[in-house]
Amino acid sequence: MKLGWQNWFQEKRFAARWQQAKAAAQSTPMAGYYDALLPTDNLLEDTPLIALDFESDGLAEDAQLLEAGWVAVDGGAVKLGSARRLRIRAGNKLQGSAVVIHRITDDAAAEGQSERDVLETLLADLKGSAILAHAAIIEQAFLNAACLRCFGAPFVGRFICTMQLEDRWFPKERTADGLRLGKLRAQYGLPYYRAHDGLTDAMACAELFLAQCARRRTENLMMEDVLMRG
C-alpha cells in the first residue's frame, strides 16, 4: 500500500530513529525488542496491540515510575489473560500531592520491583506490538526516559493515542476536560472505572479504542490510519 506523502515523511523519520536506537541498544536487554519492527501497512485487525499505562510521582519526564499496567488487544478483543500490573520500587520519598491521586504510599512503593526488572518484563511483551495509550505522549516520554536511565538507550515504538484519535476522527466543540479518558468512555456508554490504577487505566483505554474503531465504521483500517501523529 502506498503511503500518503505526510505519512511517508513521518515513516522515514521513524525509521531513522529506530535504527539509531537499535544501534544504541546492542549489548543491552533492549536488543531483543529492536529485532521486530512493526510495519505500518498491516491491517489493524492483524496487528498485535498492547494497552499501557504508567502511574508516576508527577508528570515530568524524570518522575519516578511507580506502577506499570498493560493488557493485550488482539482480534478486536481485550485479552484479559495477558493483563499485568507491576509495582515499581521508588528510590525517593513520594510527593504527597501525587499519593492522593494514585494512592500508592511510600510503604507500598518500597515493596515494588526494580525499574529495570519491570522494564525487561514489559519490553518482552511490547516486542512486535503497537502501544495503545490515552494521551500516549506521556507514556512515550516515561518509557523513553526509563529506558535511558536503566539501559542507556532510547525507546522508539509505534504509538496509538486514543485522545488524539478522538479529536482527529470525531472533531467537535469540547469542554476543557472533554478528552479525558473517563469522560470519553461515558460518551460511548462504557462503564465507570476508578482512575489512576495502571492496569485499570490500560484496560479502560483498550475498551475505548475498540469503541472508537466500531464508531468509525471503516472497513480494513490499516496501522497507518491509527498511529499517533506529530
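The values are calculated or read from the model by the stated rules, or taken from the named source; none is laboratory data. Not measured: the values here are computed from a predicted model. Cβ sites come from the backbone with ideal geometry, for glycine too, and all protein chains shown count toward neighbours. The accessibility values were calculated without ligands, DNA or RNA, using every heavy atom of the protein model including side chains. Shrake-Rupley method; radii C 1.70, N 1.55, O 1.52, S 1.80 Å.
Put Met163, Met222 in order of accessible area, highest first, and with a 1.4 Å probe you get Met163, Met222. In the full protein context, the chain carries 50 Å² of accessible surface per residue, based on a 1.4 Å probe and ignoring ligands, DNA and RNA. Over segment 1-77, Cα pairs under 8 Å with separation of 6+ residues give a relative contact order of 22 percent. The value of relative contact order for the chain, using C-alpha pairs under 8 Å at least six residues apart, is 26 percent.
The eigenvalues of the Cα gyration tensor, multiplied by 5 and square-rooted, give segment 8-84 an equivalent ellipsoid with semi-axes of 23, 22, 13 Å from largest to smallest.
Express the Stokes-Einstein translational diffusion coefficient of segment 137-180 in µm² s⁻¹, to the nearest whole number, given a Kirkwood radius over alpha-carbon pairs, 10 °C and a viscosity of 1.306 mPa s. The estimated diffusion coefficient comes to 128 µm²/s.
What percentage of all Cα-Cα pairs in the chain are separated by more than 32 Å?
Working: 4647 of 26335 pairs.
More than 32 Å apart: 18 percent of the Cα pairs in the chain.
Counting only protein heavy atoms and using a 1.4 Å probe, what share of the accessible area of the chain belongs to carbon plus sulfur, as a whole percent? Could you put the intermediate results ahead of the total?
Values: 5900 of 11570 Å².
C and S atoms contribute 51 percent here.
Rg/Rh for segment 141-230 stands at 1.01; both radii use Cα atoms, and Rh follows the Kirkwood definition. For the pair Asp74 and Leu221, label points projected 7 Å from Cα toward Cβ lie 1.9 nm apart.
Model label points for Ala176 and Ala15, set 7 angstrom from Cα along the Cα-to-Cβ axis, are 4.4 nm apart. The candidates Asp201, Asp62, Asp41, arranged from most to least accessible area with a 1.4 Å probe in the full protein assembly, appear as Asp62, Asp41, Asp201.
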